[in-house]
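Peer 1: Shown below is the structure under consideration.
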Amino acid sequence: MERFKVFIQKNWMGYLFLAPFLILFTTFVVVPVFYAIGLSFTNFNMLQPPTFVGLNNYLLLLLDDQIFLTAIGNTLVFALITGPTGYFLSFFAAWAINQMKAKRFIALAFYAPSITSAVAMSVVWLVIFSGDRYGYANNILITLGLIESPIMWNTDPNYIMTVIIIISLWMSMGTGFLVFLAGLQSVPKEYYEAGSIDGIRSRAQELIYITLPAMKPQLLFGAITAIVAAFGVFDIAVSVAGMPSPNYAGHTIVAHLYDYAFIRFQMGYASAVAVVLFLMTFILGRLVMRMLSSKDE
Amino acid sequence: MIKIKWFRGQWLHITAGKTLMYAFMLVMVAFTSLPLIFLVNTAFKPMEELFLFPPRFFVMRPVLTNFTDLVFVVSSAAVPFTRFFFNSLFVTVSIVFLTVLVSSLGAYALVKFKPPGATAIFSIVIMALMFSPHVTRIPTYMVVNSLGLINTYWALILPNIAVAFNIFLMKQFMEQYPNELIEAARIDGAREFKIFWSLVMPSMAPAWSTLIVFTFVTNWNDFFSPLIYVTSQAMRTLPLALQVIGGGPAGMTVGRAGAVAAATLLMTIPTVITFTVMQGRVMETMVHSGIKG
C-alpha cells in the first residue's frame, strides 16, 4: 500500500496528461482494432452474427488465394519503389525549399495535391495519361518519336503499375514534406554556428553532420508513415486501373481487403487480410525504427 | 558565381548549384501545383468546355455561370447552405483544437514524464497506425452506436481526436525539447501544466502548426464520417452536401457539373487559408534555442 502511494505520487501527473488521449484512443481505436482482429477468426457477412472458424481464413488466404499472392507482389513492388523514392524526394524538397526565397508559395504548390480532393486529382491524371493520342503523355512521346502508337496507360497490364507509381509519387509527397520542413525549423541555429566554428564549410557537410542527426525524430516519423502509406496503396490504384484491374495488374493488398469487405461482404476474411498486412508493415517498421531510433529509446 | 543586387540592398548570389536546384524545384512545383491550377480553371469553364473531349486543362472562355448556378442550386435547397458550412467549420475546428491539445498533452507525458507503461503505450500507438482503417470502420461504428452518439456532433468529433498519427508526430518533436529547460523551470517553482503550456508548447510551433494543417485538411474533406454517423439532412457537412448538389452519389449529373466545379473550388479556399497562415507560422517562428536557454 505504501509503495502504491509512492508510485501514484511519482507518476500521477504523467497519467493525468495522458488520460484524455488514452480514454479516447482506447474507445475509438484500440477496441475497434481488437474487434477486427477477433473477426479475422470468424465468418461475418455483416447481417448474421459472426461464426467462429478458427484459422480457416488465414489458411485460405495464404495457401489457396492466388489473387492475394498477386496483390502481395504488386504491393511489394510499389512499396519498394515509392517508399524510398518518395521519402528522399520529399526530404530533398523540404531541404531545398528551406533555403529558397518565396518559401511559402513553393510550399503551397508542393502540398497542393494533398489539399485538392481526390476527384480533382483523378481528372488531372486522366488528362495526362489518357489512353488515346490526345493524352499529354502519349502526345509528348509520339512527338518525340519514342513510340508510334498511343499506349493504353490504364488498361495495359504492362504499364498499370508504372502509372500508379508515378501518380502516387506525384500526389503523396505532401505529408512527409511538411513534417521535414517543420523539422528543419526545429534544428537549433546554434548547432550551425557551432558547426561553422568547427570547420564545416559546405552545405553538404552541414546536412550530413548537423541537420540529419538533429532531425532523427522527424526522419523516423517520415519513414514509418511512408511505409504505412506505401503498403496501404489503394485509392490511386483503383482510380487508375479500376477494380478489378485488367489481369489484376493493379491489385494491391488493400484493394483485396476492400473487395472482400465492401463488395463481397466477407468481413472476417477482410480482417484476416488486414492482420497479414499489419504484420508485414510491423516487421518492416521495427527494422526502420532500429535503424533510426533516437538514443534514449 | 554571379552577384545580383536584390531589393532591400541584399545581394543575391547565383551559383551553378543553386541554379540547378531552382530549376529542379520549378519542375517539381509545376507538376505538384497541377491539381490546384486545374481546379481553378475548371470552376470557370462554360458547360461545353466541361465535357470537352479530349479534356482540356486550361479554360478557354472563362465564365461565371458555374457560380451563379451554384447560388441557384443552393438557394433552392431545403436546408440552407450556411448550415452545412457551419457544421463543417464547427466540427473541423473542434477536432483541430482538441486533437492538438490531447495529442500534445499525451506526447509530452510519454516523452518527459515517462510513467511506467509509456513504452508500451507508444508501441500500441505505432501498431494502431499500421492497422488498415478499412476493417476498423464497422467496429468503430458499433462503438459510436453503442455510446448513443449517432446523429450528434459528438459522432463526427470524438472518434477523430485521439489519432495515432497525431500523437506520434507530436512525440517526435517533443523528444527534441531539452530536458534541462524543464528542470530549470521546475526549480523556479513553475507548475507542471504551466511548463507545458507556456514553455514547451510555444517552441513546438512548427510541430503543432503542421498538425493543424494535416488535421484541418483531413477532416474538412472527410466524407466518410458524416455519411455513416449522420442521418438527418441538417447534420450534414460540406463534402456530403456537395454530393447532393451534384445530384446523387455518382457526384456528377450533367446539369449540375458546373455548380459542383464551383463548389469544389470554394471548398478548397479554407484549407488554402489554413495552410498559408500555419505555414507562415512555421517558417517565420524563430527557432527555439536549445543551448542558450
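The values are calculated or read from the model by the stated rules, or taken from the named source; none is laboratory data. Everything numeric here is computed off the predicted structure, so don't read it as measured data. FYI the Cβ positions are ideal-geometry reconstructions off the backbone, even for glycines, and counts take in every protein chain you see.
Peer 1: Residues in the range A:238-249: is at least one surrounded by 20 or more Cβ atoms within 10 Å (Cβ to Cβ) and in contact with a strand residue (DSSP E or B) (Cβ under 6 Å, 6 or more places away or on another chain)?
Peer 2: no
Peer 1: Also, quick follow-up: Residues to consider are A:THR155, A:THR116, A:THR162; find the one that is among the hydroxyl-bearing types (Ser, Thr, Tyr) and modelled with pLDDT of 85 or more.
Peer 2: Numbers: A:THR155 fails: modelled with pLDDT of 85 or more; A:THR116 fails: modelled with pLDDT of 85 or more.
Matching residue, one of A:THR155, A:THR116, A:THR162: A:THR162.
Peer 1: Could you grab me the full set of residues in the range A:159-170 that are more than 8 Å from chain B (Cβ to nearest Cβ) and either of a type in the set (Gly, Ala, Ser) or in contact (Cβ under 8 Å) with a residue 40 or more places away in the chain (or both)?
Peer 2: A:ILE160, A:MET161, A:VAL163, A:ILE164, A:ILE165, A:ILE167, A:SER168, A:LEU169
Peer 1: While we're here: Can you name every one of the helices (runs of 4 or more DSSP H) wholly within the range A:65-166 that holds 2 or more residues which are of a type in the set (Phe, Trp, Tyr) and either under 21 Å from the mean Cα position of the chain (by Cα) or within 30 Å of A:MET215 (Cα to Cα) (or both)? Break it down stepwise before answering.
Peer 2: Numbers: elements: A:66-98, A:103-115, A:118-128, A:136-143.
Passing ranges, in order: A:66-98, A:103-115.
Peer 1: Mind listing just one residue for me: the one in the range A:1-43 that is under 28 Å from B:LEU149 (Cβ atoms) and not in a helix (DSSP H, G or I) and, of those, farthest from the other protein chains (Cβ to nearest Cβ)? Show your work before the answer.
Peer 2: If we filter the range A:1-43 for residues that are under 28 Å from B:LEU149 (Cβ atoms), which is where we start, we get A:15-40, A:42.
Okay, now just the ones that are also not in a helix (DSSP H, G or I), so A:40, A:42.
Numbers: A:SER40: 8, A:THR42: 12 Å.
The qualifying residue farthest from the other protein chains (Cβ to nearest Cβ) is A:THR42.
Peer 1: Might you check whether a residue that is touching a helix residue (DSSP H, G or I) at 6+ places or on another chain (Cβ under 7 Å), in a helix (DSSP H, G or I) and closer than 17 Å to A:VAL31 by Cα occurs anywhere in the range B:111-121?
Peer 2: For the range B:111-121, residues touching a helix residue (DSSP H, G or I) at 6+ places or on another chain (Cβ under 7 Å), in a helix (DSSP H, G or I) and closer than 17 Å to A:VAL31 by Cα: present.
Peer 1: Farther than 17 Å from A:HIS256 by Cα, in contact (Cβ under 8 Å) with a residue 60 or more places away in the chain and either in contact with an Asp or Glu (Cβ under 7 Å, 6 or more places away or on another chain) or small (Gly, Ala, Ser) (or both) - does that describe any residue in the range A:61-71?
Peer 2: Narrowing the range A:61-71 to residues farther than 17 Å from A:HIS256 by Cα: none.
No, that holds for no residue.
Peer 1: Right, something else. Please give the number of the condition A:LEU277 fails out of (1) more than 9 Å from every other protein chain (Cβ to nearest Cβ); (2) within 19 Å of A:SER168 (Cβ to Cβ).
Peer 2: Single failed check for A:LEU277: (1).
Peer 1: Filtering the range A:248-266 down to residues that are under 17 Å from the mean Cα position of the chain (by Cα) and hydrophobic (A, V, I, L, M, F, W, C), which residue is farthest from B:MET130 (Cα to Cα)?
Peer 2: A:ALA255
Peer 1: If the requirement is being at pLDDT below 90, within 12 Å of the chain's Cα centre (by Cα), buried (at least 21 other Cβ atoms within 10 Å of the Cβ) and in a helix (DSSP H, G or I), which of these qualifies: B:THR268, B:THR215, B:THR210?
Peer 2: Working: B:THR215 fails: at pLDDT below 90; B:THR210 fails: at pLDDT below 90.
Selected residue: B:THR268, the only one of B:THR268, B:THR215, B:THR210 that is at pLDDT below 90, within 12 Å of the chain's Cα centre (by Cα), buried (at least 21 other Cβ atoms within 10 Å of the Cβ) and in a helix (DSSP H, G or I).
Peer 1: Also: Can you tell me which residues in the range B:31-67 are of a type in the set (D, E, K, R) and surrounded by fewer than 13 Cβ atoms within 10 Å (Cβ to Cβ)? Before you say what the answer is, go through the steps one by one.
Peer 2: In the first step, residues of the range B:31-67 are kept if they are of a type in the set (D, E, K, R); the result is B:45, B:48-49, B:56, B:61.
The answer is B:GLU48, B:ARG61.
Peer 1: Here's something else I'd like to know. When you look at B:THR237, is it among the hydroxyl-bearing types (Ser, Thr, Tyr) and within 30 Å of B:LYS45 (Cα to Cα), yes or no? Write out each step before concluding.
Peer 2: On the way: among the hydroxyl-bearing types (Ser, Thr, Tyr): yes; within 30 Å of B:LYS45 (Cα to Cα): yes.
Taking the combined requirement at face value, the residue satisfies it.
Peer 1: I'd like to verify a number: residues in the range B:125-143 that are at pLDDT below 95 and more than 7 Å from chain A (Cβ to nearest Cβ), how many?
Peer 2: Total satisfying the criteria: 4.
Peer 1: Report whether or not B:PRO178 is closer than 24 Å to A:GLN185 by Cα and surrounded by fewer than 23 Cβ atoms within 10 Å (Cβ to Cβ).
Peer 2: Details: closer than 24 Å to A:GLN185 by Cα: yes; surrounded by fewer than 23 Cβ atoms within 10 Å (Cβ to Cβ): yes.
Yes.
Peer 1: Return only the number of the condition from (1) of a type in the set (Val, Ile, Thr); (2) within 26 Å of B:PRO35 (Cα to Cα); (3) more than 10 Å from every other protein chain (Cβ to nearest Cβ) that A:VAL179 does not satisfy.
Peer 2: (3)
Peer 1: Let me ask something else about it. With A:TYR192, A:TYR134 as the choices, which residue is farther than 14 Å from B:PRO35 by Cβ, touching an Asp or Glu at 6+ places or on another chain (Cβ under 8 Å) and free of Cβ contacts under 8 Å to residues at least 40 places away in the same chain?
Peer 2: On the way: A:TYR134 fails: touching an Asp or Glu at 6+ places or on another chain (Cβ under 8 Å).
A:TYR192 is the lone residue from the list that is farther than 14 Å from B:PRO35 by Cβ, touching an Asp or Glu at 6+ places or on another chain (Cβ under 8 Å) and free of Cβ contacts under 8 Å to residues at least 40 places away in the same chain.
Peer 1: Please go through the range A:188-219 and pick out each residue that is closer than 21 Å to B:ALA207 by Cβ and at pLDDT below 85.
Peer 2: Matches in the range A:188-219: A:PRO188, A:LYS189, A:GLU190.
Yes/no per residue for (1) over 26 Å from A:LYS189 (Cβ atoms); (2) more than 9 Å from chain A (Cβ to nearest Cβ):
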position	(1), (2)
B:LEU169	no, no
B:PHE173	no, no
B:ILE182	no, yes
B:TRP197	no, yes
B:ALA205	no, no
B:VAL213	no, no
B:PHE216	yes, yes
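Peer 1: Suppose the filter is surrounded by 16 or more Cβ atoms within 10 Å (Cβ to Cβ), within 20 Å of B:THR274 (Cα to Cα) and not β-branched (Val, Ile, Thr); does B:LEU70 pass it? I'd like the intermediate steps shown before the answer.
Peer 2: On the way: surrounded by 16 or more Cβ atoms within 10 Å (Cβ to Cβ): yes; within 20 Å of B:THR274 (Cα to Cα): no; not β-branched (Val, Ile, Thr): yes.
Against the criterion (surrounded by 16 or more Cβ atoms within 10 Å (Cβ to Cβ), within 20 Å of B:THR274 (Cα to Cα) and not β-branched (Val, Ile, Thr)), B:LEU70 does not qualify.
Peer 1: Something else about it: Given the criteria surrounded by 21 or more Cβ atoms within 10 Å (Cβ to Cβ) and within 8 Å of chain A (Cβ to nearest Cβ), does B:PRO159 qualify? Steps first, answer last, please.
Peer 2: Numbers: surrounded by 21 or more Cβ atoms within 10 Å (Cβ to Cβ): yes; within 8 Å of chain A (Cβ to nearest Cβ): yes.
Yes, satisfied.
Peer 1: Still on this structure, I have one more. Only one of A:PRO84, A:PRO50 is touching a Gly at 6+ places or on another chain (Cβ under 8 Å) and surrounded by 13 or more Cβ atoms within 10 Å (Cβ to Cβ); which? Steps first, answer last, please.
Peer 2: Numbers: A:PRO84 fails: touching a Gly at 6+ places or on another chain (Cβ under 8 Å).
Going through A:PRO84, A:PRO50 in turn, the sole match is A:PRO50.
Peer 1: Looking at (1) more than 11 Å from chain A (Cβ to nearest Cβ); (2) at negative phi; (3) modelled with pLDDT under 90, which one does B:PHE223 not meet, given that it meets all the others?
Peer 2: For B:PHE223, the exception is condition (1).
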